[in-house]
Every structure is written in structure tokens, then in C-alpha cells.
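Working notes, structure below.
The values are calculated or read from the model by the stated rules, or taken from the named source; none is laboratory data. These figures come from a predicted structure and were not determined experimentally. Cβ: placed from backbone, ideal geometry, glycine included. Neighbour counts: every protein chain shown. Accessible surface areas use protein heavy atoms only, side chains included; no ligands, DNA or RNA. Shrake-Rupley method; radii C 1.70, N 1.55, O 1.52, S 1.80 Å.
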Amino acid sequence: DCREILLPTMTDQLKYHLERQEDLEACCQLLSNILEVLYKKDVRPTQRHVQIIMENLLRTVNRTVISMGRDSELIV
């Protein structure tokens, strides 16, 4: 239930910082942690939550990765 409240707020904050190229390492780590929790088998169904992340962040994440270039240490 708390995911319904926290997830939109967290994706908004991630989007804000990614668009401004601020704290990229922290943004990557936070997004990774969120997705890891959502993909655990013992967590309630999360398809809607993953959809929220995709709708709010996919374009921004893609743009950020493209703008970083291949030599960035954050791109593995």
C-alpha cells in the first residue's frame, strides 16, 4: 500500500535529477534498488508499479544514457 504513495514521488524525483544530470550515480542506484524489490518473488504483484516506472522514466533514462556517452563509468 505504501508503494502506491511512494513510487510516484520517487519517480518524480528521479526524473527531476536525471533531466538535470544531477547525482547520476545515486539515481542509478535508487532505480536499481526499486526494480530489484519489485522483481522479488515474495512481493505482491507488481506489474502496475513497473508500468508506472516505465511510463514516468523510460524516456528520461534513455535520453540520459544517450547523453552520457560510452566512456561513462556508469555505463557497464
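From the list Tyr16, Tyr39, which one is at pLDDT 95 or above and within 14 Å of the chain's Cα centre (by Cα)?
Working: Tyr39 fails: at pLDDT 95 or above.
So the residue among Tyr16, Tyr39 that is at pLDDT 95 or above and within 14 Å of the chain's Cα centre (by Cα) is Tyr16.
Would a scan of segment 26-36 turn up a residue that is surrounded by 12 or more Cβ atoms within 10 Å (Cβ to Cβ), part of a helix (DSSP H, G or I) and either at pLDDT below 90 or basic (Lys, Arg) (or both)? Spell out the reasoning first.
Going through segment 26-36, the residues surrounded by 12 or more Cβ atoms within 10 Å (Cβ to Cβ) turn out to be 27-31, 34-35.
Of the ones still in play, those that are also part of a helix (DSSP H, G or I) are 27-31, 34-35.
Adding the requirement that they be either at pLDDT below 90 or basic (Lys, Arg) (or both) leaves none.
No.
Within segment 41-76, how many residues turn out to be open to solvent by 70 Å² or more (accessible area, probe 1.4 Å), within 20 Å of Ile5 (Cβ to Cβ) and not aliphatic (A, V, I, L, M)?
The number of residues fulfilling the criteria is 6.
Could you grab me the full set of residues in segment 5-25 that are within 13 Å of Val61 (Cα to Cα), part of a helix (DSSP H, G or I) and in contact (Cβ under 8 Å) with a residue 40 or more places away in the chain?
Answer for segment 5-25, where residues must be within 13 Å of Val61 (Cα to Cα), part of a helix (DSSP H, G or I) and in contact (Cβ under 8 Å) with a residue 40 or more places away in the chain: Thr11, Asp12, Leu14, Lys15, Leu18, Glu19, Leu24, Glu25.
Residues of segment 37-76 being part of a helix (DSSP H, G or I) and among the charged types (D, E, K, R), which ones? Write out each step before concluding.
Filtering segment 37-76 down to residues part of a helix (DSSP H, G or I) leaves 37-38, 47-68.
Within segment 37-76, Arg48, Glu55, Arg59, Arg63 meet the criteria.
Restricting to segment 7-43, count the residues that are out of contact with any helix residue (DSSP H, G or I) (no Cβ under 9 Å at 6 or more places or on another chain) and of a type in the set (D, E, K, R).
Residues that pass the stated criteria total 6.
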